[in-house]
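Novice: Pasting in a structure now, in structure tokens, and then I'll have a few things to ask.
The values are calculated or read from the model by the stated rules, or taken from the named source; none is laboratory data. These numbers come from a predicted model, not from an experiment. Every residue, glycine among them, receives a Cβ derived from its backbone with ideal geometry; neighbour counts consider all protein chains shown.
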Amino acid sequence: VGFNAVWAVSSDSRVWFRKGIEGNAVGHSETAAIGNGWLEINGNMIHISVGINDQVFAIGESNKGVYWRSGITPAELTGKRWRMVQANMQLSRTSSSASIISSASNP
């Protein structure tokens, strides 16, 4: 849940956006708080997170990659498309301190 947006992922990994949410009018209008319908958004995701500024991140269904929704503006709250977050990281079993301690205690 963001300021002007509600996003959801259904059990079949489909992504949904709630139309008609108006954060500024929530205290004055029930419709502004509950919206007026769901819009299916392209892309299959398993988790979704929405920030207070309506920024959207999700985990992809097939590759478990992290995605963000580009093109979100006050005029276009659904944005344009999903973009994969590029994160350079190297994973190694020997990189943790627990592995180092374990190796040192087993000569």
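Novice: Among (1) more than 17 Å from the chain's Cα centre (by Cα); (2) under 17 Å from Asp54 (Cβ atoms), which single condition is Leu39 missing?
Specialist: (1)
Novice: Looking at (1) within 13 Å of the chain's Cα centre (by Cα); (2) free of Cβ contacts under 8 Å to residues at least 40 places away in the same chain, can you tell me which one Ala5 breaks?
Specialist: Just one mismatch for Ala5, condition (2).
Novice: For Thr78, work out the one condition from (1) over 15 Å from Arg14 (Cα atoms); (2) over 9 Å from the mean Cα position of the chain (by Cα) it doesn't fulfil.
Specialist: The single condition Thr78 does not satisfy is (1).
Novice: If I ask for residues that are modelled with pLDDT of 95 or more and closer than 14 Å to Gln55 by Cα, which ones from region 1-19 would you list?
Specialist: Answer for region 1-19, where residues must be modelled with pLDDT of 95 or more and closer than 14 Å to Gln55 by Cα: Trp7, Ala8, Phe17.
Novice: Can you tell me which residues in region 55-75 are among the acidic types (Asp, Glu) and at pLDDT below 95?
Specialist: Residues of region 55-75 among the acidic types (Asp, Glu): 61.
Matches in region 55-75: none.
Novice: For region 43-58, indicate whether the set of residues that are among the β-branched types (Val, Ile, Thr) and touching a Lys or Arg at 6+ places or on another chain (Cβ under 8 Å) is non-empty. Walk me through it before giving the result.
Specialist: Here is the first cut: in region 43-58, the residues among the β-branched types (Val, Ile, Thr) are 46, 48, 50, 52, 56.
Adding the requirement that they be touching a Lys or Arg at 6+ places or on another chain (Cβ under 8 Å) leaves 46, 56.
Yes: one or more hits.
Novice: Then there is this: Take region 1-50 and flag every residue that is loosely packed, with under 13 Cβ neighbours inside 10 Å and either part of a loop (DSSP other than H, G, I, E, B) or among the aromatic types (Phe, Trp, Tyr) (or both).
Specialist: Of everything in region 1-50, those that are loosely packed, with under 13 Cβ neighbours inside 10 Å and either part of a loop (DSSP other than H, G, I, E, B) or among the aromatic types (Phe, Trp, Tyr) (or both) turn out to be Ser10, Ser11, Asp12, Gly27, His28, Ser29, Asn36.
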